[in-house]
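**Q** My questions all concern the structure below.
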Amino acid sequence: MQFHVITLFPDLVGSYLSESILARAIKEKKIKVSFYNPRDFVKPNKSQKGKEKPYLRVDEKPYGGGPGMVMQAEPVVKAIEKAFKKTQQKVKKTKIVFFSPAGKQFDTAYAKTAAKKYTDIILICGRYEGVDARIKKIFKMEDVSIGPFVLTGGEIPAMILIDSIARQVEGVLGNFDSREEERIASHDVYTRPEVFTYKGKDYKVPKVLLSGNHKKIDEWRAKGI
Ligand code: SAM
């Protein structure tokens, strides 16, 4: 599975992928993550010519007025084109995700389908007031939300989708069938010691978990989901 992240802040996402399970999955080539910064597809404007570090503008004021700025279409379109060149060029096997608080709610079912159906997923991380909507007329893409709230950028949603979809790729988790999504896994978990004493009070592990009766344990766990 190849993820192609279009973002103004690649290091934000890169740092999350540099540790633990996802770092190992990348090292073992179970998944690949590439970054495309729209700023790399912008030429300095006249006022910036000759400056050592020219400011590369990727945003402009919104049409129709209102606060904030909007990410311009062209740099994002160029980044998508570059990402598309690196995919296996099979349109049917490539999904483009446009992060938006108003999008389709992401969930495990979405992750499973994506992992099964696609070889490449292009993730468009907006910033400011969002990205010029005309890019959705140029490329077929789906608006995806990670929940009913507004974040400052699409980078956390990108990390969430990479994490959750990567878990559905065989070999990323030690034991593929150990995914919580595939078994009766209560959200409350316990481990040693059997009795944990805190400020003179004993906190015990639920007896059923010590019974060895796996039918009863599954019933108990199923109640906790
Ligand atoms: N005005 C935009 C709108 O209503 O769609 C929101 C812009 S938001 C401040 C900046 C970016 O963060 C969005 O373009 C999107 O990429 C991302 N974002 C914010 N909240 C999100 C959410 N709940 N799910 C997915 N992406 C989100």
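**Q** Taking only Cα atoms, what is the 0 to 90° angle, nearest 10, from helix 155-166's long axis to the longest principal axis of the chain?
**A** 50
**Q** A further question follows. Hey, any idea what % of the chain's accessible area is carbon plus sulfur with a 1.4 Å probe?
**A** 55
**Q** Would you list, by chain and number, the aspartates and glutamates whose Cα falls below 17 Å from the Cα of K86, excluding same-chain residues fewer than 8 positions away?
**A** Candidates past the 8-residue exclusion: D40, D120.
**Q** I've got another one for you. Just from its helices, what would the mean residue ellipticity at 222 nm be for the chain, if runs of 4 or more DSSP H residues each count -39500 (n - 2.57) and the sum is divided by every residue, rounded to the nearest 500 deg cm²/dmol?
**A** Helices in the chain give a 222 nm mean residue ellipticity of -8500 deg cm²/dmol.
**Q** Still on this model: May I ask you to give the solvent-accessible area per residue for the range 184-223, in square angstrom, as obtained with a 1.4 angstrom probe?
**A** 90
**Q** Output the pairs from K95/K116; K27/K104; K90/K136; K93/K116; K27/K117; K104/K223 with a Cα-Cα distance over 21 Å in this structure; if there are none, say none.
**A** Too far apart for the 21 Å limit: K27/K104; K27/K117; K104/K223.
**Q** When all protein chains stay in place, what accessible area (Å², nearest 10, 1.4 Å probe) is found for K104?
**A** Ignoring ligands and nucleic acids, K104 comes out at about 110 Å².
**Q** Using the alpha-carbon atoms, what tilt in degrees (0 to 90, nearest 10) does helix 214-223 show relative to the longest principal axis of the chain?
**A** Result, in degrees: 50.
**Q** Report, to the nearest 10°, how far helix 108-117 tilts away from the longest principal axis of the Cα atoms in the chain, using its own Cα long axis and a range of 0 to 90°.
**A** Helix 108-117 sits at roughly 60 degrees to that axis.
**Q** State the antiparallel share, in %, of DSSP beta bridges confined to the range 2-176, rounding to the nearest 5.
**A** Within the range 2-176, antiparallel bridges account for around 10 percent of the total.
**Q** I've got another one for you. Working with all protein chains in place, sort Y203, Y198 by solvent-accessible area computed with a 1.4 Å probe, largest first.
**A** Ranked list, largest accessible area first: Y198, Y203.
**Q** Whenever you get a sec, line up M159, M71 from highest to lowest accessible area (probe 1.4 Å, protein heavy atoms).
**A** Reading off the accessible areas and sorting them downward yields M159, M71.
**Q** Let me check something: with ligands and nucleic acids excluded, how do Y118, Y36 order by accessible area (1.4 Å probe), largest to smallest?
**A** My answer, sorted largest first, is Y118, Y36.
**Q** Rolling a 1.4 angstrom probe over the protein heavy atoms, how many square angstrom per residue are accessible across the range 2-176?
**A** Value for the range 2-176: 57 Å² per residue.
**Q** Take K116 and K32, extend 7 Å from each Cα along the Cα→Cβ direction, and tell me the distance between the two endpoints in nm.
**A** Going by the 7 Å Cα→Cβ label model, 2.5 nm.
The values are calculated or read from the model by the stated rules, or taken from the named source; none is laboratory data. Every value quoted in this text rests on a predicted model; they were computed, and no experiment measured them. Don't worry about glycine lacking a Cβ; one is built from the backbone with ideal geometry, like all the others, and counts go over all protein chains shown. The accessibility values were calculated without ligands, DNA or RNA, using every heavy atom of the protein model including side chains. Shrake-Rupley method; radii C 1.70, N 1.55, O 1.52, S 1.80 Å.
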